[in-house]
Every structure is written in C-alpha cells, then in structure tokens.
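Asker: Before we start, here is the structure in question, set down as structure tokens.
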Amino acid sequence: MSSTKPLLFSQLIGNRQAKEILQRLHTRAALPTVLLFYGPSGVGKGLFAEELARALVKSTKEQHPDIHTLRPDPESGQHPIATIRHLLNEAVLPPFEAPVKIFVIHDAEKMLATSSNALLKTLEEPPPKTYFILLSSQLEMLLPTIVSRCNKIQFFPVPEEELGPFLIEKFHTQEGQKIAVLAQGSVADAIHRIKNPINTHQDLLFRSQSYTELREH
C-alpha cells in the first residue's frame, strides 16, 4: 500500500494564502532564493520557515548542517556585523550533505545598517544552491534596498475560529476559545498563556468573563 506524503505546512495553522503560495512554488521547483516573511509577531513565520527549510534539504533532522538559523544577540538585541560576515563566508561554500543550504534570519529588522549593507550584495547575487529566508515583524525597519531584493510573503494573525479549536485539541484546555480571543491571533502568545500561569488579577478577570464579553472588551 502506497502512502501519501502530507502536504507542506499541513500541520501548521493559519495563513492559508501563504501556505498555498509556498506549496505551489515548492512543488513547481520555482521557489525564489531570497524570501521575506513579514507580519505580526507570533503568527507562525518561524515555523513556516523551519518547515520550508526542512523540505528544501529533504530531511527531518532536528539539527541539520545545511540549515543555518540566525537570531539577534540577546544582549544587544541586534544582529552583530561579525555574525553576518560569518554568514557570508558560509554562503559561498557548497552544501555539506543536502542538495541546498538555507539561511533563516529571525528579526531581520534588527540588523545594523552595516550588517544590512554587507548582506545586500549577496542577496542581489545569491550563491548557487543557497536560499535566504528573512523574517520580520517590523517591515518598515528594514532597509528599503533589502526589502526590494526579497520576494515578500505576508503573514496575518490566526483567526479565533481556527486558533481556539487548535488550542483545545493540542493542549486539552476548556479555555481554548477564550485564550484565542486574548491572544489576538498570535499562536505564540496563546501557547505562552497556557504554559505560564497568569497573575491573580488577570486570572479573576479571565474567569469572570464569558467568551462574548472578552470579544467586546
């Protein structure tokens, strides 16, 4: 009996349009080598980038040598120029074991101007077999020259009617629909609310309101 391979992003919720666009481009082997996922924080940009990267390297390894993930320095809150220069040095090397290599840059708007300018030429002429996925929740903070070199995919808050049932099924919580309203479309915020106890005042407010009252709050 042959098994059907699940569609790309089938386990992720929300952003149906982004799913359809990326699935179509990937299926046709027409995926641009420089992508920019932009939209509010917590709506799934990083999860989409991670799944797309794994599809491109054709592996489900937890840590893959050809998937490079860059996050801002926790102390400065910026992408140091040294990190971007290391990326540029890595980019010109061939993939280690996969057909391609991928660089995922979280919070791309937090690159310093010098970092952005250093990256710009590589984005204009990407090395062969190399993909760049930039993620941003503040598109206006990115250099216009960087934005102009990217193929943009917009992400939106996850609708309550999709987020609520997801939370109820995944976390077995009876408060999933209320949490979906409070999270305002952010999957990350909703999960944080479930995993981290809220303070007494918030808890009383939360438990005293109905789903309808929360929506109107």
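Asker: Using alpha-carbon positions, what is the distance between the centroids of the range 83-98 and the range 115-189, in Å?
Answerer: What the calculation gives is 24 Å, centre to centre.
Asker: Given a Förster radius of 45 Å and the C-beta distance between Glu90 and Thr173 as r, what FRET efficiency does 1/(1 + (r/R0)^6) yield to the nearest 0.05? Before the final figure, lay out the partial values.
Answerer: Details: r = 42 Å, r/R0 = 0.93.
Efficiency computed from Cβ-Cβ geometry: 0.60.
Asker: Please state the shape class of the range 45-115: rounded when a/c is under 1.5, otherwise prolate if a/b exceeds b/c and oblate if not, all from the C-alpha gyration tensor.
Answerer: Judged from the Cα gyration tensor, the range 45-115 comes out oblate (a/c at least 1.5, b/c at or above a/b).
Asker: Can you give the Rg to Rh ratio of the chain, both from alpha-carbon atoms, with Rh computed by the Kirkwood formula?
Answerer: My calculation of the ratio gives 1.02.
Asker: Which residue, Ala98, Ala49, Ala183, has the most motion in a Gaussian network model of the chain that connects Cα atoms within less than 10 Å?
Answerer: Ala98
Asker: Give me the Å³ per residue figure for the convex hull around the C-alpha atoms of the range 3-44.
Answerer: With only Cα atoms used, the range 3-44 gives 85 Å³ per residue.
Asker: Right, another one. Describe numerically, in nm with one decimal, the distance between label points set 7 Å from Cα along Cα→Cβ at Gln184 and at Lys61.
Answerer: About 4.0 nm, to one decimal.
Asker: Please tell me the relative contact order of the chain in percent, rounded to the nearest whole number, where contacts are Cα pairs under 8 Å and at least six residues apart.
Answerer: 26
Asker: Another question, then. Quick query: amide H of Val34 versus all other amide H atoms, modeled in the peptide plane; which residues come in under 5 Å with a sequence gap of 5 or more or a different chain?
Answerer: Here the answer is Phe132, Asn151, since their amide H atoms fall under 5 Å of that of Val34.
Asker: Based on the Cβ-Cβ distance of Asp73 and Arg28, what FRET efficiency does E = 1/(1 + (r/R0)^6) give at R0 = 41 Å, to the nearest 0.05?
Answerer: So, using R0 = 41 Å, E works out to roughly 0.65.
Asker: Taking loop as defined by DSSP and a crowding limit of 15 other beta carbons within 10 Å, which GluC sites (Glu not before Pro) in the range 1-83 fit?
Answerer: Within the range 1-83, the qualifying GluC sites (Glu not before Pro) (loop, at most 15 other Cβ atoms within 10 Å) are Glu62, Glu75.
Asker: GNM on the chain, C-alpha springs below 10 Å: top fluctuator among Ile81, Ile105, Ile21?
Answerer: Ile21
Asker: Within the chain, what is the number of lysine pairs with alpha carbons under 14 Å apart, leaving out pairs fewer than eight places apart on the same chain?
Answerer: Lysine pairs meeting both conditions in the chain amount to 9.
Asker: Keeping every protein chain present and rolling a 1.4 Å probe, give me the accessible area per residue for the range 72-153 in Å². Before the final figure, lay out the partial values.
Answerer: Details: 4220 Å² over 82 residues.
Per residue, the range 72-153 has 51 Å² of solvent-accessible surface.
Asker: Counting only protein heavy atoms, what percent of the accessible surface of the chain is carbon or sulfur at a 1.4 Å probe?
Answerer: Working: 6720 of 12810 Å².
So the carbon and sulfur contribution to the accessible surface is 52 percent.
The values are calculated or read from the model by the stated rules, or taken from the named source; none is laboratory data. Predicted model only: the values in this text are computed from it and were never measured. Every residue, glycine among them, receives a Cβ derived from its backbone with ideal geometry; neighbour counts consider all protein chains shown. Quick note on the areas: whole protein, heavy atoms, side chains included, nothing else; ligands and nucleic acids left out. Shrake-Rupley method; radii C 1.70, N 1.55, O 1.52, S 1.80 Å.
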